[in-house]
């Protein structure tokens, strides 16, 4: 594990040198972050943010979202994709939060331990490890590393997680491997690398700041083809 941690720190140093500040761009309200992250499932951040902005513009209060007809909510968030699935999911989450908290407010989570927060959020229908980790990291400032598609792909190519590791297991592996103080910065850095260089199609290994640390880079640089992970 010590070798793995040293490698993680080396990766972080190179990402920091390449991209500069690796802190998250926002610190948001926990319930806002939860709904935004549900909207981000299986779509891009830009599409999710458009859908969230449209939702908040159409309904002044969360109570209005709950009271609205589900097809109407789906129409509002259509830009986020999978609207017919996400609309009832969001309404159900809001109802459950209201029942538990006697209001549309998750600030009480700030007083709970990491394990308690994780248990609370994951007990909400449709909220998985990634959504839970995003809310914990970005809204509550907890040391956790959310694993989205970019982090999953890049971590696999770097050998930080075994090939074909599920996203759920990847959360556990990376949470154990990455030091607390590097979890959020590494998440931010790996996302940037995944978007700009280590793409799902053909990665731009020749320009990658991590190519000397990446076990897959030499093979694909020489072969001139993209990795299948």
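None of the figures in this text is laboratory data; all of them are computed from the coordinates on show. Keep in mind it's a predicted model, so treat the numbers as computed, not measured. In this analysis, Cβ positions are derived from the backbone assuming ideal geometry, glycine residues included, and neighbour counts consider all displayed protein chains.
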Worksheet entry | Whole-Å distance, taken between Cα centres, linking the stretch 192-207 and the stretch 32-89 | 30 Å
Worksheet item: Cα gyration tensor of the stretch 74-184, axes a ≥ b ≥ c as square roots of the eigenvalues: rounded (a/c below 1.5), prolate (a/b > b/c) or oblate?
Response: oblate
Practice prompt. Enter the angle in degrees (range 0 to 90, nearest 10) between the Cα long axis of helix 45-58 and the first principal axis of the Cα atoms of the chain, meaning the one along which they spread out most.
Written response: 10 degrees
Worksheet item: According to a simple spin-label model (label point 7 Å from Cα along Cα-to-Cβ), what is the distance in nm between residue 10 and residue 98?
Response: 5.4 nm
Fill in: Folded to 0 to 90 degrees: helix 83-101 orientation relative to the chain principal axis, Cα
70 degrees
Discussion item. Just to be sure I understand: with springs between alpha-carbon atoms less than 10 Å apart, which residue in 66, 206, 134 has the highest mean-square fluctuation in the Gaussian network model of the chain?
Written reply: 206
Worksheet, complete the sentence: Given [x] 18.7; [y] 20.0; [z] 17.7 as possible values of Kirkwood radius over Cα pairs in Å, the one from the coordinates is [x]
Practice prompt. Let me have the relative contact order for the stretch 30-139, percent, based on Cα pairs under 8 Å that are six or more residues apart.
Written response: 32 percent
Worksheet item: So for the pair residue 116, residue 23, with labels modelled 7 Å out along Cα→Cβ, what separation do we get in nm?
Response: 2.7 nm
Fill in: Degrees between helix 180-196 axis and first principal axis of the chain (Cα, 0 to 90, nearest 10)
80 degrees
